[in-house]
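**Student:** The structure is given below, and queries will be raised subsequently.
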Amino acid sequence: MLTYNELIELRNKLTRGEIGLELAKVQYWNDSKEGQRSWNTKDWKERRSKFIKEKCEICSSREILTIQHFSHPRKYSDYLREITREYTKDYIDTNAEINKSEFINYLLRKYDYLPVPLCPNCKGKNPSERVRKIPKYRCADCKHEFDKAIYKSVDELISIFFENDEAYEVRDKCFVSKDKWRNEHNLSSVKYWQQRERVKNKDSETIEKEAFLLHLNDCIKYLSFEDSITACKKCAYHFDIKKMELCPKCKQHYKGLQYLTCIECLPEEQRKAALESIQFGKEWHDIHKRLGID
């Protein structure tokens, strides 16, 4: 695992173009061992000893002190998705029109078509399919009964879509991706994913580099203890696990991060209502548990 200073050096080299993106990734990830945590490294321990205070900065306790981070690094994959979306949006804003022939080829290559059954009388969508009664179908709109539904072809739907991409006929998610995910899309979604693929093919290295640098910045910030304080184990546990912090009014009880004070410091009527709500929640949870629906 790279040290704090080594990460800074790697980021600076990549920013200046002194090292390629792929080599930077290799240096970053190949040096990381599975299950290894930064706080177990010698570099972390040495810098921790210089940063840690003599007591908790929240409750002043001196027992089992640790470094409490208020932010954590986001995953590289999260940044990659986010930046790809941004580049795709910019591309769509400047390239709204797409080639019909290329769109058809992309659609047939990437998706299976599961047509929506239509009533032959009124062309209504999704007529009710009956298991025992004959005829097999009954239209919910015009009440027409029939044995065979009609379907729109892919070409028909595409023609409608290119005339009006918000038309009623092209809103159905009747195109299923051929990958393992088998996601269902309508034609607007298919168009988006085609444009997204073009962006990835065109700007992949720029997108990946931008995402990787943002991830590196997050990791450097985390290792620097910039957004951190010294906290006791109790305060750190409440913040990380329960999303709670010490009440600033009484300095005794913990409160949810979204509240101004703990329950005990609320005015009498509000405190009573809050306690009743908590009790009701506990009783409701117990009922669910007894019924096996917890």
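**Student:** Exactly one condition in (1) among the polar types (S, T, N, Q); (2) surrounded by 15 or more Cβ atoms within 10 Å (Cβ to Cβ); (3) part of a helix (DSSP H, G or I); (4) in the same structural domain as E226 (by TED's automatic domain parsing) is false for T88; which is it?
**Tutor:** Failed condition: (4).
**Student:** In segment 58-78, is there at least one residue being assigned by TED's automatic domain parsing to the domain that holds K221, in a loop (DSSP other than H, G, I, E, B), within 25 Å of H238 (Cβ to Cβ) and aliphatic (A, V, I, L, M)?
**Tutor:** So far as segment 58-78 goes, yes, one or more of its residues are assigned by TED's automatic domain parsing to the domain that holds K221, in a loop (DSSP other than H, G, I, E, B), within 25 Å of H238 (Cβ to Cβ) and aliphatic (A, V, I, L, M).
**Student:** For segment 91-101, which residues satisfy the criterion of being surrounded by 11 or more Cβ atoms within 10 Å (Cβ to Cβ), of a type outside the set (A, V, I, L, M, F, W, C) and more than 27 Å from H215 (Cα to Cα)?
**Tutor:** Answer for segment 91-101, where residues must be surrounded by 11 or more Cβ atoms within 10 Å (Cβ to Cβ), of a type outside the set (A, V, I, L, M, F, W, C) and more than 27 Å from H215 (Cα to Cα): N95, K100.
**Student:** Which residue out of D165, D179, D172, D227 is among the acidic types (D, E) and closer than 30 Å to Q27 by Cβ?
**Tutor:** That would be D227, the only listed residue that is among the acidic types (D, E) and closer than 30 Å to Q27 by Cβ.
**Student:** Another question, then. Scan segment 95-149 for residues that are among the hydrophobic types (A, V, I, L, M, F, W, C) and not in a loop (DSSP other than H, G, I, E, B) and report the count.
**Tutor:** Number of matching residues: 6.
**Student:** E269: within 26 Å of E63 (Cα to Cα), of a type in the set (D, E, K, R) and assigned to a helix (DSSP H, G or I), yes or no?
**Tutor:** It is false that E269 is within 26 Å of E63 (Cα to Cα), of a type in the set (D, E, K, R) and assigned to a helix (DSSP H, G or I).
**Student:** Of the residues in segment 198-239, how many are closer than 30 Å to K100 by Cα, over 19 Å from the mean Cα position of the chain (by Cα) and acidic (D, E)?
**Tutor:** Matching residues across segment 198-239 total 2.
**Student:** Under the condition of being part of a loop (DSSP other than H, G, I, E, B) and free of Cβ contacts under 8 Å to residues at least 40 places away in the same chain, which residue from segment 23-53 is nearest to I241 (Cα to Cα)?
**Tutor:** If we take residues in segment 23-53 being part of a loop (DSSP other than H, G, I, E, B) and free of Cβ contacts under 8 Å to residues at least 40 places away in the same chain, then R37 is nearest to I241 (Cα to Cα).
**Student:** Given the conditions (1) within 30 Å of E97 (Cβ to Cβ); (2) of a type outside the set (D, E); (3) without any contact (Cβ under 8 Å) to a residue 12 or more places away in the chain, report the number of the one that Q195 does not fulfil.
**Tutor:** (3)
**Student:** Give me the pairs, please: first residue somewhere in segment 102-120 and surrounded by fewer than 16 Cβ atoms within 10 Å (Cβ to Cβ), second residue anywhere and assigned to a helix (DSSP H, G or I), beta-carbon distance under 6 Å, and either six or more positions apart or on two chains.
**Tutor:** Within 6 Å, the pairs are Y113/V154.
**Student:** For segment 182-192, what are the residues that are in contact with a Lys or Arg (Cβ under 9 Å, 6 or more places away or on another chain) and of a type in the set (S, T, Y)?
**Tutor:** Matches in segment 182-192: S188, S189.
**Student:** Is it true that some residue in segment 242-249 is out of contact with any strand residue (DSSP E or B) (no Cβ under 7 Å at 6 or more places or on another chain) and within 30 Å of E46 (Cβ to Cβ)?
**Tutor:** no
**Student:** I want to confirm something. Restricting to segment 21-56 and keeping residues that are in contact with a helix residue (DSSP H, G or I) (Cβ under 8 Å, 6 or more places away or on another chain) and either over 24 Å from I67 (Cβ atoms) or of a type in the set (G, A, S) (or both), which single residue is modelled with the lowest pLDDT?
**Tutor:** Among those residues, the one meeting the criterion is S38.
**Student:** What number of residues within segment 136-192 are within 19 Å of D112 (Cβ to Cβ), out of contact with any His (no Cβ under 8 Å at 6 or more places or on another chain), without any contact (Cβ under 8 Å) to a residue 40 or more places away in the chain and among the basic types (K, R)?
**Tutor:** Counting residues in segment 136-192 that are within 19 Å of D112 (Cβ to Cβ), out of contact with any His (no Cβ under 8 Å at 6 or more places or on another chain), without any contact (Cβ under 8 Å) to a residue 40 or more places away in the chain and among the basic types (K, R) gives 4.
**Student:** Give the number of residues within segment 163-181 that are hydrophobic (A, V, I, L, M, F, W, C) and either assigned to a strand (DSSP E or B) or touching a Lys or Arg at 6+ places or on another chain (Cβ under 6 Å) (or both).
**Tutor:** The number of residues fulfilling the criteria is 2.
The values are calculated or read from the model by the stated rules, or taken from the named source; none is laboratory data. What you are looking at is a predicted structure, and each value in this text was computed from that prediction instead of being measured. Glycine also receives a Cβ, built like all others from the backbone with ideal geometry; neighbour counts cover every protein chain displayed.
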